[in-house]
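Asks: Quick one: the structure is below, questions incoming.
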Amino acid sequence: MHSHSLRLRANGNLAYRAQRAPRLARVQAPKAGPATGHHTVSDSLRDEALAAFFDGPCTTAPTSGGVNNVCQYVTAADGSKWILRVYNNGGHTDKVDFEHAVLQQLGQQRLSFAVPRAKPSLRDGKPHVVLSSGDAACVFEIIQGDLAKTTAPREVGRATGELCTAMGRVDLGGREAQAPVPPYYDVFHVHHAMDRDLFYKQVAENPGFSVCRGSIDYLTEGVRRLEPLLAKGRDLGLPVQLIHGDLHYDNVMVLGDSVSGLLDFEFVAYDWRVMELAVALSKYVSEDDPLPLIREFVAGYIAGGGQVSDDEIELLPDCINLRMFSNTIYFTGRAYAGEDGLESLTSRADAYAKRVRWVEANRARMVETVRELARAPATAGAR
């Protein structure tokens, strides 16, 4: 898909006029949720999930992951090791169906890294089951390695570019554009419990935000400023395709300096292609000296086959910020729905605001760095 020209200011920002929303009535208190990082399932539900995939007895142990779901290591009776995931997404099994359909197709492509491979269920061979609670569960093979963090950003970028190209080849018979996870530009529906008015009500009136009031107000104003851009959605003419949607260095496994696998395809969406790059860079901008990491990552991204047009480059800073705004709305929704405690957002709000401030202060330098690399892919980052 070819992108069309956009009407941008010289500094790359779209023109907008900030609008103040009227003060709205106090909303009903959100449901109580678990403390951050403390998702659990009952032993009986865990055993129900295990019985769907394993014949014999299993032992389990907690993992360090699982921001949204319950994940546990599993050792089967034959000594093989696996990862059990019980989804905590409000029973939205359509999202799980879509995730596994994409993973199945990716598993048929020749990639330089592993993607999650699901163990077939005993009953019907499907890659996931729906438990008596209404929650979905699956069992994945373990991908060897350590989380990349800031290790080997060029190789992480190369794998991201390779995946972006591979995602563009996924063919679900026309269902790609009906992905149940909304695109980032439909930001107020990033969580099933949220909409625009409810988000602004929660931010204004939920007393739990008092611990991060300055940062949450800054992020919320950023959302308001970006609304005119988001309202244009696909009409902007940016390339759209399936994207991973949550691919950053905490979802990348490495062995040494080589990428061994990419994790967590739960948020696959049909979206602006540039959001794949933006999500990845949104982690690097939290580091003490982001620009060298950005240069290395983007050099690898382009070398790995990732594409970025001039229009996408101009909007890249806004798209990085959009990731932070989306996270803000998403965790507000999870807290409101009782899937998480509000601490899942209040503990991150200062860090999110810091990232947005860095992007705003370094917008021109970042755009020029990416543009330089995109124009000279053969020598990108070699200097």
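The values are calculated or read from the model by the stated rules, or taken from the named source; none is laboratory data. If you're wondering where the values come from, they're calculated on a predicted model, not measured in any experiment. With ideal geometry, Cβ positions are generated from the backbone for all residues, glycine too; neighbour counts draw on all protein chains shown.
Asks: For Gly134, all conditions in the list (1) of a type outside the set (Phe, Trp, Tyr); (2) touching a Gly at 6+ places or on another chain (Cβ under 7 Å); (3) surrounded by 16 or more Cβ atoms within 10 Å (Cβ to Cβ) hold save one; what is the number of the exception?
Replies: (3)
Asks: Could we say that Pro127 is in a loop (DSSP other than H, G, I, E, B), in contact with a Phe, Trp or Tyr (Cβ under 6 Å, 6 or more places away or on another chain), buried (at least 16 other Cβ atoms within 10 Å of the Cβ) and in contact (Cβ under 8 Å) with a residue 24 or more places away in the chain here?
Replies: Working: in a loop (DSSP other than H, G, I, E, B): yes; in contact with a Phe, Trp or Tyr (Cβ under 6 Å, 6 or more places away or on another chain): no; buried (at least 16 other Cβ atoms within 10 Å of the Cβ): yes; in contact (Cβ under 8 Å) with a residue 24 or more places away in the chain: yes.
Criteria not met by Pro127.
Asks: While we're on this one: With the structure loaded, tell me whether Thr328 is within 23 Å of Arg234 (Cα to Cα), among the hydroxyl-bearing types (Ser, Thr, Tyr), at pLDDT 95 or above and crowded, with 21+ Cβ neighbours inside 10 Å or whether it fails that test. Spell out how you get there, then give the answer.
Replies: Numbers: within 23 Å of Arg234 (Cα to Cα): yes; among the hydroxyl-bearing types (Ser, Thr, Tyr): yes; at pLDDT 95 or above: yes; crowded, with 21+ Cβ neighbours inside 10 Å: yes.
The answer is yes for Thr328.
Asks: For the stretch 181-300, which fully contained helices (runs of 4 or more DSSP H) count at least 1 residues that are under 23 Å from Ala114 (Cβ atoms)?
Replies: On the way: elements: 196-205, 213-232, 274-284.
Result: 274-284.
Asks: Among the candidates Gly237, Gly168, which residue alone is among the small types (Gly, Ala, Ser), out of contact with any Asp or Glu (no Cβ under 9 Å at 6 or more places or on another chain) and within 25 Å of Glu314 (Cβ to Cβ)? Write out each step before concluding.
Replies: Details: Gly237 fails: out of contact with any Asp or Glu (no Cβ under 9 Å at 6 or more places or on another chain).
Going through Gly237, Gly168 in turn, the sole match is Gly168.
Asks: Another question about this same structure. Pick out the one residue from Gly168, Gly173, Gly134, Gly161 that is farther than 24 Å from Cys71 by Cα and more than 23 Å from the chain's Cα centre (by Cα). Step through it out loud before you land on a result.
Replies: Details: Gly168 fails: more than 23 Å from the chain's Cα centre (by Cα); Gly134 fails: farther than 24 Å from Cys71 by Cα; Gly161 fails: more than 23 Å from the chain's Cα centre (by Cα).
Of the residues listed, the single one that is farther than 24 Å from Cys71 by Cα and more than 23 Å from the chain's Cα centre (by Cα) is Gly173.
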